[in-house]
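Colleague: Can you keep this structure in mind? I'll have questions shortly.
The values are calculated or read from the model by the stated rules, or taken from the named source; none is laboratory data. This one's a predicted model, so the numbers in the text were calculated from it and none came from an experiment. Cβ: placed from backbone, ideal geometry, glycine included. Neighbour counts: every protein chain shown.
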């Protein structure tokens, strides 16, 4: 069942409703909540610049999932849209309907030149996740 909140936007993909970053941004001045599911160590460098932005790490799903209200609308995202898609699938299985995944995550958001808050002091360097460290100036 398509949510009326996202009427005429997005597509169904892999059993979940997905919005492009541009479609999500069009909804940013409504009462929809944008939920960043990245882990805390990934939050400092880049954040999307929208109202109603909340942080609920995917790794703590079992701790926060029952706090979401069924009648509110939520757009979930992460760096590239993979963990957020998993979160949306889990919430859909729990009966949530006003939920969407932002396809491509913050990477796609930035590629579409949408508003970002960037803190270069939080930028990390490293050739893989196991080597991430604060960037040297």
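Colleague: Taking segment 44-73 as the search range and keeping residues that are touching a helix residue (DSSP H, G or I) at 6+ places or on another chain (Cβ under 7 Å) and assigned to a strand (DSSP E or B), which one is modelled with the lowest pLDDT?
Modeller: Taking the candidates together, the pick is 46.
Colleague: Taking the condition of being part of a loop (DSSP other than H, G, I, E, B), in contact with a helix residue (DSSP H, G or I) (Cβ under 9 Å, 6 or more places away or on another chain), at pLDDT below 90 and exposed (fewer than 14 other Cβ atoms within 10 Å of the Cβ), how many residues in segment 1-43 meet it?
Modeller: Of the residues in that region, 2 qualify.
Colleague: Can you confirm whether segment 62-75 contains a residue that is in contact (Cβ under 8 Å) with a residue 24 or more places away in the chain, out of contact with any strand residue (DSSP E or B) (no Cβ under 9 Å at 6 or more places or on another chain) and surrounded by 15 or more Cβ atoms within 10 Å (Cβ to Cβ)? Steps first, answer last, please.
Modeller: Quick first cut of segment 62-75, residues in contact (Cβ under 8 Å) with a residue 24 or more places away in the chain only: 65, 68, 70-75.
Then keep just the ones that are out of contact with any strand residue (DSSP E or B) (no Cβ under 9 Å at 6 or more places or on another chain); that gives 65, 70-71.
Now restrict to residues that are surrounded by 15 or more Cβ atoms within 10 Å (Cβ to Cβ): none.
So far as segment 62-75 goes, no, none of its residues is in contact (Cβ under 8 Å) with a residue 24 or more places away in the chain, out of contact with any strand residue (DSSP E or B) (no Cβ under 9 Å at 6 or more places or on another chain) and surrounded by 15 or more Cβ atoms within 10 Å (Cβ to Cβ).
Colleague: While we're looking at this one, here's another question. What is the one condition in (1) touching a residue at least 40 places away in the same chain (Cβ under 8 Å); (2) surrounded by 15 or more Cβ atoms within 10 Å (Cβ to Cβ); (3) on the phi > 0 side of the Ramachandran plot that residue 47 does not satisfy?
Modeller: Result: residue 47 fails condition (3) only.
Colleague: Would you call residue 82 free of Cβ contacts under 8 Å to residues at least 40 places away in the same chain, under 10 Å from the mean Cα position of the chain (by Cα), crowded, with 18+ Cβ neighbours inside 10 Å and within 25 Å of residue 117 (Cα to Cα)?
Modeller: Values: free of Cβ contacts under 8 Å to residues at least 40 places away in the same chain: yes; under 10 Å from the mean Cα position of the chain (by Cα): yes; crowded, with 18+ Cβ neighbours inside 10 Å: no; within 25 Å of residue 117 (Cα to Cα): yes.
In short, no.
Colleague: If you go through segment 111-137 one residue at a time, how many are at pLDDT 95 or above and either assigned to a helix (DSSP H, G or I) or surrounded by 19 or more Cβ atoms within 10 Å (Cβ to Cβ) (or both)?
Modeller: The first filter runs over segment 111-137 and keeps only residues at pLDDT 95 or above, leaving 111-114.
Subsequent filtering for residues that are either assigned to a helix (DSSP H, G or I) or surrounded by 19 or more Cβ atoms within 10 Å (Cβ to Cβ) (or both) retains 111.
The number of residues fulfilling the criteria is 1.
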